[in-house]
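Trainee: Let me begin by handing over the structure; questions about it come next.
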Amino acid sequence: MKKIIALAAALALGAGAIGAQAKDERNHYSIADAMNLADAKAKLNRGYTFKFGNQPHAAVVEKHGEFMSNKKTNAVNKTDEYACQWAFLSAMLSFQDRIAREGGNAVINIRSYYKKNTFVSDTEFECGNGSIMAGVTFLGDVVTLAE
């Protein structure tokens, strides 16, 4: 009986150790590659401007506020990069909807804010890659830019 209890305890501990080793990574991917996906080109197509990091932009005519876009996607049977590109597109579509609601024409100063850690880049975004999910969180300023 003691052997059975010991075996059950060992199996339970082993299962916990396996669960504790679940994938939880932060990776950086190309903004240009994500924006050049066919779906991104087709769906991010309303004439809005998206500027990451410190990319230059036209003068700000009106500020509508800072907003967050936090999106996740199923990563099963996808490469880490492809899953992150899908999460990126979802986040950008959310920003596109926010621009329309706020009456602006752009989101500027877009920066990654995954798990409340800021990553600023003109060329890359940060994505969390897990075993079954990938996630992107952005902060950005919705504005109206001079034309």
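Trainee: Among what's in region 45-59 and is out of contact with any Asp or Glu (no Cβ under 8 Å at 6 or more places or on another chain) and touching a residue at least 12 places away in the same chain (Cβ under 8 Å), pick the residue that is surrounded by the fewest Cβ atoms within 10 Å (Cβ to Cβ).
Mentor: In the first step, residues of region 45-59 are kept if they are out of contact with any Asp or Glu (no Cβ under 8 Å at 6 or more places or on another chain); the result is 45-51, 56-57, 59.
Restricting the remaining residues to those that are touching a residue at least 12 places away in the same chain (Cβ under 8 Å) gives 46-51, 57, 59.
Values: R46: 10, G47: 7, Y48: 18, T49: 15, F50: 19, K51: 19, H57: 15, A59: 9.
By that ranking, first place goes to G47.
Trainee: Within region 110-123, can you find the residues that are more than 13 Å from S69 (Cα to Cα) and part of a strand (DSSP E or B)?
Mentor: First, pick out the residues of region 110-123 that are more than 13 Å from S69 (Cα to Cα): 117-123.
Within region 110-123, F119 is the sole residue that qualifies.
Trainee: Among the listed residues D33, D24, which satisfies the condition of being over 21 Å from V143 (Cβ atoms), at pLDDT 95 or above and of a type in the set (D, E, K, R)? Working first, answer last.
Mentor: On the way: D24 fails: at pLDDT 95 or above.
Step by step, each of D33, D24 is checked, and only D33 is over 21 Å from V143 (Cβ atoms), at pLDDT 95 or above and of a type in the set (D, E, K, R).
Trainee: Okay, moving on. What are the residue pairs meeting all of these: first residue in region 127-147, first residue over 26 Å from G104 (Cα atoms), second residue acidic (D, E) and buried (at least 23 other Cβ atoms within 10 Å of the Cβ), Cβ atoms under 7 Å, and 6 or more apart or on different chains?
Mentor: none
Trainee: Could you list, ordered by first residue, the pairs with Cβ atoms under 7 Å in which the first is in region 79-93 and in contact (Cβ under 8 Å) with a residue 24 or more places away in the chain and surrounded by fewer than 24 Cβ atoms within 10 Å (Cβ to Cβ) and the second is part of a helix (DSSP H, G or I) and aliphatic (A, V, I, L, M), at least 6 apart or interchain?
Mentor: Note: pairs meeting the criteria are L89/A34; L89/A40.
Trainee: Of the conditions (1) in contact with a strand residue (DSSP E or B) (Cβ under 8 Å, 6 or more places away or on another chain); (2) of a type outside the set (A, V, I, L, M, F, W, C); (3) surrounded by fewer than 18 Cβ atoms within 10 Å (Cβ to Cβ); (4) under 23 Å from N45 (Cβ atoms), G130 fails just one. Which one is it?
Mentor: Unmet for G130, out of (1) in contact with a strand residue (DSSP E or B) (Cβ under 8 Å, 6 or more places away or on another chain); (2) of a type outside the set (A, V, I, L, M, F, W, C); (3) surrounded by fewer than 18 Cβ atoms within 10 Å (Cβ to Cβ); (4) under 23 Å from N45 (Cβ atoms): (4).
Trainee: Name the residues in region 51-101 that are farther than 19 Å from K116 by Cα, among the hydrophobic types (A, V, I, L, M, F, W, C), outside any loop (DSSP other than H, G, I, E, B) and in contact with a helix residue (DSSP H, G or I) (Cβ under 7 Å, 6 or more places away or on another chain), would you?
Mentor: Passing the criteria: L89, L93.
The values are calculated or read from the model by the stated rules, or taken from the named source; none is laboratory data. Note that the structure is predicted; figures quoted are calculated from it, not measured. Every residue, glycine as well, gets a Cβ built from its backbone with ideal geometry; the counts of neighbours run over all protein chains shown.
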